[in-house]
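Just so you know, all these numbers are worked out from the coordinates, no wet-lab data involved. Since the model is a prediction, treat every value here as computed from it, not as a measurement. With ideal geometry, Cβ positions are generated from the backbone for all residues, glycine too; neighbour counts draw on all protein chains shown.
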Amino acid sequence: MHLPNMKDAKVRGQSKVNYIYEDRNYEDIFKGKKYYIRTYGCQMNVHDSEEIKALLEQIGFNETEEMEKADLILLNTCAIRENAHDKVFGFLGRCKHLKKAKKDLIIGLCGCMAQEESVVNEIKEKHPYIDIVFGTHNMNELPSILANLNHKQDIEVYSKEGDVFEFGNLYKRDSKISAWVNIMFGCDKFCTYCIVPYTRGKQRSRKSEDILREVRELKKLGYQEITLLGQNVNAYGKDLDGEIEFSKLLEKVSDIGIPRIRFVTSHPWDFTDEMIDIIAERDNIMPYIHLPLQSGSSRILKLMGRRYTKEEYLTLYHKIRDKVKGASITTDIIVAFPGETEEDFKDTLDVVDECKYDGAFTFIFSPRENTPAALMKDELSLEEKENRLHVLNEKINMYSKESNERMVGTIQKVLVTGVSEKDTNKVCGYTENMKLVNIDASKDTIGKIINVKIEEAKSFSLDGIMVK
Ligand code: SAH
Ligand code: SF4
Ligand code: F3S
């Protein structure tokens, strides 16, 4: 993919930002200024925003939840499907309005959309009110980009990733209970529909010693749960000479003793028996596995470049179900991939009937810039695509409700994460197998793992009451 402002690859997090600019301390420039950040996309983006917030606060900015009060509005964007684009530009329209009243307002766009050539061109041509654009490979340059700003649009996007660089786990974490831990960046799988390898670069694993150091620090800080993050976590280490593999990393992370360990996302192709064994063995590795299927048709899976067949997926699925007792398994499915016939779609429904997923994210195929699938013939009408999605969702919701109903009457360990959104007199949290529960319990349970009797199943959550 050719991108504008191509520069030599830079090291991620390179040389701690030098907070002095032309003899002025950055803090003198930005002290008291407020930023508002809106994040779209996956957990990786959420965690990147935690890093961006820390960078901004180091140079004197404070966070505000009200965008009208902000001096800097930043959008951390996602490019996975086309509709993400419309959402972002819709929101930018509102920001443009604010700028009319507040001339000094800085508007910035970063994240995966910033890595798309067409988006950058559109910003240059049609959106002069956007002041700064930076990509996923140079987030650490945000302070210097801000300090150098001189009323001209500044687009700083690198087309190539740098090496992983550790710069002291600089994050303003959203939670004091549950933390994200990057174990790798990028992805080498190049599924034919997917833009991620282009927006995030090739796979770069962090060294296990750095990951373990971060996990130990989180333990010291009292974190109850960590989630190991990567687009393809079980390919961990394959890009590093002599590095341990993912099952071993899980084991070492588990040894540190944080009560709950999760990981997302694992690719069926890289799933090993050792991984299944360690998840089954260890009490603090949670029995929840997100195992994206994408399609149930071996023919479509081949066109997608997924590297497994329907049969291989099902074999793996049953192996996990047999060994990891009480596990929840969720998935991602794309309908109407170019050339998907009724027969192919039926294969997907068959797999759903066999797997009876605990939950799933479902999508209509969306052609993405420069990916091979965007050039494949796509003949179905929108109506037919929506119809397939609807049929699939009916099934998914039925199985998800059934899975919730099986929990009724059981006693579950729940990590309470906060006040319930549905009822502020209640608290909420997640079971070990990742079911959201609204609980009748006092607020001082927040941050603790408590026993909860499940009393009622809703489509997307459970209701329960605290028990001894
Ligand atoms: N790394 C993960 C997925 C990351 S993207 C994995 O390999 O499973 C999250 C989900 O978005 C994917 O699982 C896929 O179902 C969906 N997705 C990705 N590209 C898409 C596209 N072009 N159109 C529709 N859905 C897409
Ligand atoms: Fe995209 Fe495939 Fe990589 Fe997942 S594994 S991020 S779907 S290319
Ligand atoms: Fe979206 Fe980028 Fe994540 S495209 S899904 S934010 S890696």
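The local environment of GLY60, defined by Cβ-Cβ distances under 9 Å, has a net charge of -1 under the rule Lys, Arg +1 and Asp, Glu -1.
Counted by Cβ distance under 12 Å from GLU342, the other residues give a net charge of -3, where Lys and Arg count +1 and Asp and Glu count -1. In this structure the amide hydrogen of ASP239, modeled in the peptide plane, comes within under 5 Å of the amide hydrogens of SER205, none closer than 5 places in sequence on its chain. Positive contributions from Lys and Arg (+1) and negative ones from Asp and Glu (-1), summed over other residues with Cβ under 14 Å from the Cβ of VAL264, come out at -1. As a calculated quantity, the FRET efficiency between ASP255 and ALA280 at R0 = 22 Å, using C-beta atoms, amounts to about 0.85. Checking the cross-link pairs LYS160/LYS323; LYS319/LYS468; LYS310/LYS395; LYS33/LYS126; LYS31/LYS102; LYS33/LYS96 against a 30 Å limit on the alpha carbon distance flags LYS160/LYS323; LYS319/LYS468 as lying beyond it.
Close amide H contacts of LEU109 (hydrogens built in the peptide plane, cut-off under 5 Å, sequence separation of 5 or more or a different chain): LEU75, ILE132, VAL133, PHE134. Judged by the gyration tensor of its Cα atoms, with axes a ≥ b ≥ c, the range 56-113 is oblate; a/c meets the 1.5 cut and b/c is at least as large as a/b. Ranked by the mean number of other Cβ atoms within 10 Å of their residues, highest first, the peptides 231-238, 411-418, 373-380, 452-459 fall in the order 231-238, 411-418, 452-459, 373-380. With no solvent and one point on each alpha carbon, what is the Debye value of log10 I(q)/I(0) for the chain at q = 0.07, 0.12, 0.13 Å⁻¹? Here the Debye-derived log intensity ratios amount to -0.39, -1.20, -1.38. Rounded to the nearest 20 debye, the dipole magnitude of the range 5-156 is 380 debye, with +1 charges on Lys and Arg beta carbons, -1 on Asp and Glu beta carbons, and the Cα centre as origin.
From its DSSP helices (H runs of at least four residues, each -39,500 (n - 2.57)), the chain gives a residue-normalised ellipticity at 222 nm of -10500 deg cm²/dmol.
By the Cβ rule of 4.7 Å, the chain holds the following cysteines without a possible disulfide partner: CYS42, CYS78, CYS95, CYS110, CYS112, CYS187, CYS355, CYS428. Backbone phi angles across the range 50-64, fed through the Karplus curve with coefficients 6.51, -1.76 and 1.60 (θ = phi - 60°), yield HN-Hα couplings of 5, 6, 4, 4, 5, 4, 5, 6, 5, 9, x, 6, 10, 7, 10 Hz in residue order; Gly and Pro are listed as x. A DSSP coil position with no more than 16 other Cβ atoms inside 10 Å describes the following trypsin sites (Lys or Arg not before Pro) in the range 141-220: LYS152, LYS160, LYS172, LYS176, LYS202, LYS207. Could you tell me whether the range 411-467 comes out rounded, prolate or oblate from its Cα gyration tensor? Rule is a ≥ b ≥ c as square roots of the eigenvalues, rounded for a/c under 1.5, then prolate if a/b exceeds b/c, otherwise oblate. Verdict is rounded for the range 411-467. Solvent-free Debye calculation, one equal scatterer per alpha-carbon of the range 178-405: log10 I(q)/I(0) at 0.09, 0.12, 0.17 Å⁻¹ equals -0.39, -0.69, -1.26.
In this Cβ point-charge picture (+1 for Lys and Arg, -1 for Asp and Glu), the chain has a dipole of about 980 debye about its Cα centre. Selection among VAL414, PRO338, GLY359 by position relative to the dipole of the chain gives VAL414 as farthest towards the positive end (Cβ unit charges, Cα centre). Within the straight-line cut-off of under 26 Å between alpha carbons, the lysines reachable from LYS220 are LYS16, LYS53, LYS172, LYS176, LYS207, LYS248, LYS252, LYS413, LYS443, LYS448, sequence neighbours fewer than 8 places apart in one chain being disregarded. In terms of its C-alpha gyration tensor, the range 5-156 comes out rounded, because the ratio a/c of the largest to the smallest axis stays below 1.5.
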